[in-house]
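To start, the structure under review is shown below, and the notes come after it.
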Amino acid sequence: MLDWIQSLGHTGLSRLAAFGRAGQLLVQALVAKPAPVMMFPLLVKQLYFVGVLSLIIIVVSGAFIGMVLGLQGYTILVDYGSEQAVGQMVALSLVRELAPVVTALLFAGRAGSALTAEIGLMKATEQLASFEMIGVDPLRRIIAPRFWAGFISMPILTVIFSVVGVWGGAIVAVEWLGIYDGSFWANMQQAVDFREDVLNGVIKSIVFGFVVTWIAVFEGYDCVPTSEGISQATTRTVVFSSLAVLGLDFILTALMFGEL
Amino acid sequence: MRMRTMEISVGFLMLAGFLALVVLALNISGLSLAGQGGGYKVYARFENIGGLTVRSKVSMSGVQIGEVTNIRIDTDLLMAEVEMTIRDDVDYLSTDSSAQILTSGLLGEQYIGITPGAEDETLQDGDRIRDTQSALVLEELVGKFLFNKVSE
């Protein structure tokens with residue numbers, strides 16, 4: 001019985017310590033401003049790996065999600081004779097919810113896991129330690145560029161996701177199902193507000209980008225430096241960041257649209 | 001060379017993101033670069049405004065000519081007073097125009113429809129539309145129908 005309580009206390013303390021280390025890492029990575037001349041090429045490289053290479057999966061899934069929304073919305077709305085509203089349904093659900101959340105989930109799977117594995121392997125092969133040996137701060141050289149790259153590319157990917165999704169919905173609704181395209185776009189423009197919907201979606205994506213990259217970088221930096229430890233850390237990255245994104249999405253939605 | 005292709009592709013990503021934001025702003029949320037610009041204010045009192053809200057559209061013959069900018073209760077007459085802003089280029093509404101609260105479609109939102117009158121004088125900033133017709137409230141309609149049935 002006492003053993004059980006002790007193990008509970010141990011788990012709680014180590015979780016708390018992990019949170020503390022994560023916060024410390026965040027502050028150090030953000031405060032550690034590398035010299036901009038040295039930082040820029042590193043940042044470009046990470047933006048390429050994290051942002052550009054995620055573009056394909058984002059565009060393809062955005063197009064298909066938009067098309068599915070158009071099709072489903074049409075089959076439901078046609079019963080009420082208001083199939084013109086499919087435009088606003090597709091645009092609102094994409095811009096407010098689906099684009100930030102699905103982009104963040106895909107990003108966690110595509111880029112977050114790669115970040116964790118890369119940093120974890122660096123730690124396991126003692127590359128991080130050798131950086132410290134030659135007097136280069138690994139937080140500046142390794143962590144900070146990756147962190148900023150995730151933070152910058154997530155809103156860009158989210159906005160691209162929205163636009164491609166709306167076009168996918170328009171192709172299905174206007175071209176295939178024959179909704180008059182004037183009322184499709186006019187209803188959408190009537191219903192979507194730039195500040196209320198578009199900017200709130202972008203704010204959501206900025207928060208998600210921050211959280212997902214933070215978790216990915218921390219899990220890699222904090223992993224047990226063995227092959228098993230890296231695999232566990234990668235799994236934890238995907239699981240924790242997905243849960244964090246979905247939970248935070250509810251809170252943000254309640255704050256932004258719930259009139260709480 | 002490798003660095004250069006990387007930088008170019010990152011540049012394209014940034015450009016694509018910026019373009020997508022512009023498309024979201026202009027094409028999807030219908031934000032106009034010209035801005036709301038000027039307009040003149042016209043007031044109208046209604047017995048019941050139903051589901052009318054601020055930013056509901058004001059239209060004439062189905063064409064949008066302005067939007068509702070404020071709604072309040074007139075405490076003297078105990079009626080709803082609606083302030084709407086009509087675009088400046090719509091300067092041909094006569095003083096005896098009438099305003100009705102209409103519904104677009106069966107489940108659609110409510111808007112104000114303006115029907116122009118025959119007077120030569122036009123509405124100016126701060127004028128009031130006198131001839132108004134309230135929103136159609138389904139419960140009242142059902143109530144009247146039942147009342148007629150009973151009295152038959």
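For residue B:52, nonlocal amide neighbours, meaning residues 5 or more places apart or on other chains whose placed amide H falls under 5 Å from its own, do not occur.
Close amide-amide hydrogen proximity is noted between residue B:83 and B:69, B:70, B:71, B:72, each under 5 Å apart and 5 or more residues distant or on a separate chain (H modeled in the peptide plane; Pro and chain starts excluded).
For the protein assembly as shown, the carbon plus sulfur part of the accessible surface works out to 64%, probe radius 1.4 Å.
Relative to the dominant Cα principal axis of chain A, helix A:227-257 is inclined by about 40°. Scalar couplings 3J(HN,Hα) for the range B:92-104, obtained by applying the Karplus form with A = 6.51, B = -1.76, C = 1.60 to θ = phi - 60°, are 10, 7, 6, 5, 9, 5, 10, 10, 10, 9, 10, 10, 8 Hz; x denotes Gly and Pro.
Counting only the Cα atoms, chain B fills a convex hull of 180 Å³ per residue.
Taking amide H positions as modeled 1.01 Å from N, with prolines and chain starts lacking one, the residues under 5 Å from residue A:179 and 5 or more places away or on another chain are A:174. Mean residue ellipticity, 222 nm, helices only, chain B: the sum of -39500 (n - 2.57) across DSSP H runs of n ≥ 4, divided by residue count and rounded to 500, is -8000 deg cm²/dmol. Residues A:45, B:149 ordered from highest to lowest accessible area at a 1.4 Å probe: B:149, A:45. Loop-located GluC sites (Glu not before Pro) in the range A:117-221 (DSSP state other than H, G, I, E, B) with a sparse environment of at most 16 neighbouring Cβ atoms within 10 Å: A:126. Computed with a 1.4 Å probe over protein heavy atoms only, the accessible surface of the protein assembly as shown comes to 54 Å² per residue.
How big a patch of accessible area, both sides summed and in Å² to the nearest 100, lies buried between B and A at a 1.4 Å probe? Don't skip to the answer; put the middle values down first.
Details: alone 10860 and 13910 Å², together 22440 Å².
Buried area (both sides, nearest 100 Å²): 2300 Å².
Phi angles across the range A:11-26 convert, under the Karplus curve 6.51 cos²θ - 1.76 cosθ + 1.60 with θ = phi - 60°, into 3J(HN,Hα) values of 4, x, 5, 5, 4, 4, 5, 5, 4, x, 5, 4, x, 4, 4, 4 Hz, Gly and Pro given as x. Report note on the peptides A:70-81, B:13-24: ranked by the mean count of other C-beta atoms within 10 Å, highest first, their order is B:13-24, A:70-81. Compared with the dominant Cα axis of chain B, that is its longest principal axis, helix B:138-151 is turned about 20°. For chain A, averaging the sequence separation of C-alpha pairs within contact (under 8 Å, six or more residues apart) and dividing by the residue count gives a relative contact order of 32 percent. Taking θ as phi - 60° and the Karplus parameters 6.51, -1.76 and 1.60, the scalar couplings of the range A:132-146 work out to 5, 4, 8, x, 9, 6, x, 5, 6, 7, 9, 6, 4, x, 5 Hz in sequence order, x denoting glycine and proline. When B:145, B:46 are compared by accessible area of protein heavy atoms, the largest-first order is B:145, B:46, using a 1.4 Å probe.
The values are calculated or read from the model by the stated rules, or taken from the named source; none is laboratory data. Note that the structure is predicted; figures quoted are calculated from it, not measured. Please note: Cβ atoms are built from the backbone with ideal geometry, for glycine as well, and neighbour counts cover all protein chains shown. The accessibility values were calculated without ligands, DNA or RNA, using every heavy atom of the protein model including side chains. Shrake-Rupley method; radii C 1.70, N 1.55, O 1.52, S 1.80 Å.
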